[in-house]
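Student: Here it is, the structure in full.
The values are calculated or read from the model by the stated rules, or taken from the named source; none is laboratory data. Here the structure is a predicted model, which means the values were calculated and not measured. Every residue, glycine among them, receives a Cβ derived from its backbone with ideal geometry; neighbour counts consider all protein chains shown.
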Amino acid sequence: MSIARVRRGSPGKARPRAKKGGPRVNVPRRLVARLPVEQDGANRLARWMFGLFAMGIIGVALVALEVPAKVGAGLGEAMGEAGFRVRSVDVTGVQRMDSRPVFQIALDQKSMAMPLVDVATIRQKLLRYGWVKDARVSRRLPDTLVIDIVEREPAALWQDKTRLTLIDSEGVVLDRVKVSDMPDLPLLVGAGANAHSQELNLLLAAVPTLKPQLESASWVGGRRWDLNFQSGETVVLPEGEADAKKALAKFARLDKSAGLLGRGIKRFDLRIPGKMIVRLPHAPGDSAATDAKQES
């Protein structure tokens with residue numbers, strides 16, 4: 001009698017059935033062999049990637065339709081209806097400037113609901129106003145906007161042709177001024193004089209005996225200064241900050257020792273290094289002034 005034997009791995013062996021489950025992603029066996037995960041792990045990874053991709057597409061669509069902004073606006077308006085709405089504006093720090101533009105800027109809003117008031121935009125608009133050096137804008141719940149203004153300090157008057165304005169020490173234009181309302185401040189004259197006011201301040205800071213006597217300063221030809229003093233003299237400075245500073249310092253020393261100002265001399269020209277050209281007042285009947293040169 002012959003006995004038939006079935007070897008392991010022979011075609012006659014029944015194969016185990018595949019487990020039933022969710023949708024499977026068929027990954028080529030050669031690729032699976034190279035992956036550090038098994039077939040089920042690869043399937044789960046593929047499903048996660050597809051889910052993240054779908055969520056990204058949905059997010060882009062919502063942003064394109066402005067859904068988050070509309071939802072935020074709706075919530076803000078709901079808070080406004082609940083009582084969180086701007087009903088007053090408190091402004092502090094205003095001393096010289098007109099406060100009306102501050103209120104106009106603060107109240108120029110698309111919505112007065114407190115969460116929707118754009119405090120950053122209010123601040124940026126205020127900083128464009130000449131008087132405002134800095135501004136802080138905040139909400140005080142439930143219904144008040146608080147605006148703290150840091151004003152610029154007027155330092156001089158600037159006359160450009162017929163236009164007269166107040167400027168600060170940095171040359172920033174603050175406001176128009178009527179001739180009848182001119183404050184007791186130094187006068188800068190000439191196109192662009194305000195842009196060079198800091199340079200002039202440095203020159204005068206080095207000569208403290210002359211600074212209180214200055215009446216006005218003229219910016220000539222966009223290059224140099226003529227200083228006009230209360231006693232009626234004009235001091236003509238050379239071009240260039242270094243040369244002007246050196247010449248004015250010499251003049252201050254001579255004025256302190258010899259009393260140049262207040263003696264009726266009309267003009268001191270310091271443009272030539274090492275020399276001072278003096279223009280004397282002319283006597284009655286003279287057709288021209290007399291110039292005298294002095295070595296300094």
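Student: Looking at region 131-167 only, could you name the residues that are under 16 Å from the mean Cα position of the chain (by Cα) and more than 30 Å from Arg85 (Cα to Cα)?
Tutor: Arg152
Student: So, Leu185, is that one among the hydrophobic types (A, V, I, L, M, F, W, C), more than 30 Å from Asp90 (Cβ to Cβ), part of a helix (DSSP H, G or I) and outside the structural domain of Val119 (by TED's automatic domain parsing) or not?
Tutor: In short, no.
Student: Can you name every residue in region 118-136 that is in a strand (DSSP E or B) and of a type outside the set (Val, Ile, Thr)?
Tutor: Lys133, Asp134, Ala135, Arg136
Student: Now, a different point. Determine whether region 140-154 contains at least one residue that is part of a strand (DSSP E or B), in contact with an Asp or Glu (Cβ under 9 Å, 6 or more places away or on another chain) and closer than 28 Å to Leu248 by Cβ.
Tutor: Yes: region 140-154 contains one or more residues that are part of a strand (DSSP E or B), in contact with an Asp or Glu (Cβ under 9 Å, 6 or more places away or on another chain) and closer than 28 Å to Leu248 by Cβ.
Student: Being at pLDDT 95 or above and not small (Gly, Ala, Ser) is the filter here, so list the residues in region 240-249 that pass it.
Tutor: Within region 240-249, Asp243, Lys245, Lys246, Leu248 qualify.
Rundown of residues vs (1) touching a Leu at 6+ places or on another chain (Cβ under 7 Å); (2) touching a residue at least 40 places away in the same chain (Cβ under 8 Å), yes/no style:
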{"position": "Ala193", "(1), (2)": "no, no"}
{"position": "His196", "(1), (2)": "no, no"}
{"position": "Leu203", "(1), (2)": "yes, yes"}
{"position": "Pro208", "(1), (2)": "no, no"}
{"position": "Lys211", "(1), (2)": "yes, no"}
{"position": "Ala217", "(1), (2)": "yes, no"}
{"position": "Leu227", "(1), (2)": "yes, no"}
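Student: Taking the condition of being touching a Lys or Arg at 6+ places or on another chain (Cβ under 7 Å) and among the polar types (S, T, N, Q), how many residues in region 213-267 meet it?
Tutor: Looking only at that region, the number is 1.
Student: For Ser231, indicate whether it is buried (at least 17 other Cβ atoms within 10 Å of the Cβ), of a type in the set (Gly, Ala, Ser) and in the same structural domain as Ile277 (by TED's automatic domain parsing).
Tutor: no
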